[in-house]
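Working notes, structure below.
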Amino acid sequence: MRLKLISCEVFSREMETAIDRSPNEVDVDYLPKGLHEIPCSQMQDRIQEVVDQGDDSKYDALLLGYGLCSNGLAGIHTRNIPMVMPRAHDCITLLLGSKERYLDYFNEHPGVYFKSSGWIENESSSDELSQLSIAQTSGMNSSYNELVDKYGEDNAKFLYRELCDFTHNYGQFTYIEMGIEPDDRFEKHTREKASERGWKFEKVKGDLSMIQRMLNGIWDDSEFLVLPPGSRIEPKCDAGIITSTEGESQ
Amino acid sequence: MQNPDKFTKEKNLTPIILAMKDLKELYEAVITGDAVTARSITEEALSGETDPLSLVSEHLTPAMDEIGRRFEASECFVPELLLSARAMKGAMELIQPRLLESGVELLGRVIVATVKGDLHDIGKNLVAAVLEGGGFEVIDMGVNVEPEKIVETIKEKDVQIVVLSALLTTTMPAMKTSIEAIEAAGVRDKVTILVGGAPVTQRFADEIGADGYSDSAVGAVAVARKAVGA
């Protein structure tokens, strides 16, 4: 098969490895991780634009290297060729190899911040996306000193605690090692971050098999939603996470 | 010759005019997020003859409504909204015991909670603050709240409105299970359930049987007021 993959850059190492091992011919476009930080409708528009470019009969299917990503993928539609979307809330499902494993881990470890090679290598966003980010426009990106200058010390302390650290209830970094990393640099980085913040550190073994199945064309309905031409992704509050609905928009 | 009546009136009016001026400053203190001034004016007003409820309905709530309007019109942003809410909250802490003493009730009693599995609270705290500013008594249950705890609190505290928050699509199903627990406990009819959070939509709210949804903290106040017929 000839496939077009549109993926978040957070998976670039995983996708490249899986493409090398896939029997299929895969063209790939990576989009910036920073899309997650801008308003949902803007993320949808930007992904749709790239989907439209790849929505071409020279391909047998479009693959999306994404989870639902806070509804950033909701409403994404295909017109001409089938589109394959992982049944996943976010990238952690793809890194851990199944939505069930992710859910089990999530339920047992509240307050975990995940790291992987892609999360570390793409930590900072472009200036353009940073300016558009919700954190920036709502004042959450301010430094403590900026807040002091603007609102005085007492207010700054309060605002910094309330607004500028969405992870203040978190207590652990979990590093997902996929087994494709060149060395232990990403693990070391995560350990350092954990010790800086006084958080627990855990390393878990990732599982490339779900990503590999996507690229190999093994699209079981329990893992992947295959959208027929002329349909769009719709979030669904059940174990399947997403469903397909006819038409381009509501 | 001086008119004795006029003299008496003027003499009596002076402290009233001063009091009104001071209370206008309470409104201003909330608007500008000046927590220290808001508290000291409230303290002074309560030590005098000022009716505690009028402090809320004539000064604090209008100030929060105005800052909410400015926020919606992008004339101010989240930090300003939070600072105003904080100033208002400081004043409310002084007023609330007095309201309780005199048996005066606020618009309604609201539970605010981030659902089980979710530890994010910036949005939830903002909603709690503006609801308090909007004239509600708020019970903030924190984050990662078990559905059973919500049910218990509804029963114990005679709650009218339940506001559920989630930041992750992963934890949105916990909103559904919270509503199911409220139904199973037989208290669904007692409460209006509102949901919100970045990935939450009106469609989702309808799907899980919530009564209301807002895409912003300020909007949540309007939805909550509507729910209690205010």
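The values are calculated or read from the model by the stated rules, or taken from the named source; none is laboratory data. The model shown is predicted, which means the values in this text are computed figures rather than measured ones. For neighbour counting, all protein chains shown are included, and Cβ atoms are generated from backbone atoms with ideal geometry for every residue, glycine included.
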Hey, can you tell me all the residues within region B:184-206 that are part of a helix (DSSP H, G or I) and polar (S, T, N, Q)? B:GLN202
Quick check on region A:153-197: of everything there that is among the hydrophobic types (A, V, I, L, M, F, W, C) and modelled with pLDDT under 95, which residue is farthest from A:HIS109 (Cα to Cα)? A:ALA156
What are the residue pairs meeting all of these: first residue in region B:67-87, first residue surrounded by fewer than 18 Cβ atoms within 10 Å (Cβ to Cβ), second residue acidic (Asp, Glu), Cβ atoms under 9 Å, and 6 or more apart or on different chains? B:ARG69/B:GLU75; B:ARG70/B:GLU80
Between B:PRO97, B:PRO62, which is surrounded by fewer than 24 Cβ atoms within 10 Å (Cβ to Cβ) and either touching a residue at least 12 places away in the same chain (Cβ under 8 Å) or within 22 Å of B:ALA198 (Cβ to Cβ) (or both)? B:PRO62
Please tell me if B:THR177 is over 30 Å from B:LEU60 (Cβ atoms), among the β-branched types (Val, Ile, Thr) and part of a helix (DSSP H, G or I). yes
Hey, B:ALA230 hits all of (1) more than 14 Å from every other protein chain (Cβ to nearest Cβ); (2) part of a helix (DSSP H, G or I); (3) at pLDDT below 95 but one; which does it fall short on? (2)
A careful count of residues in region B:115-135 that are at the interface with chain A (Cβ under 9 Å from one of its Cβ atoms) and of a type in the set (Val, Ile, Thr) gives 1
Residue by residue through region A:231-241, note down the ones that are β-branched (Val, Ile, Thr) and either more than 21 Å from B:SER178 (Cα to Cα) or modelled with pLDDT under 90 (or both). A:ILE233
Out of curiosity, is B:GLU101 at pLDDT below 95, within 14 Å of the chain's Cα centre (by Cα) and charged (D, E, K, R)? no
Within region A:31-59, the residues that are assigned to a loop (DSSP other than H, G, I, E, B), touching a residue at least 40 places away in the same chain (Cβ under 8 Å) and not hydroxyl-bearing (Ser, Thr, Tyr) are A:PRO32, A:ILE38, A:PRO39, A:ASP56, A:LYS58
Residues of region B:108-165 satisfying the condition of being of a type in the set (S, T, N, Q) and over 19 Å from B:GLY68 (Cβ atoms): B:THR114, B:ASN144, B:THR153, B:GLN160
If I ask for residues that are under 27 Å from B:SER216 (Cβ atoms) and surrounded by fewer than 17 Cβ atoms within 10 Å (Cβ to Cβ), which ones from region B:42-59 would you list? B:SER57, B:GLU58
Does at least one position in region A:142-157 carry a residue that is outside any loop (DSSP other than H, G, I, E, B), more than 24 Å from B:ASN144 (Cβ to Cβ) and touching a residue at least 40 places away in the same chain (Cβ under 8 Å)? no
Go through region A:138-170 and count every residue that is among the hydroxyl-bearing types (Ser, Thr, Tyr) and under 21 Å from the mean Cα position of the chain (by Cα). 2
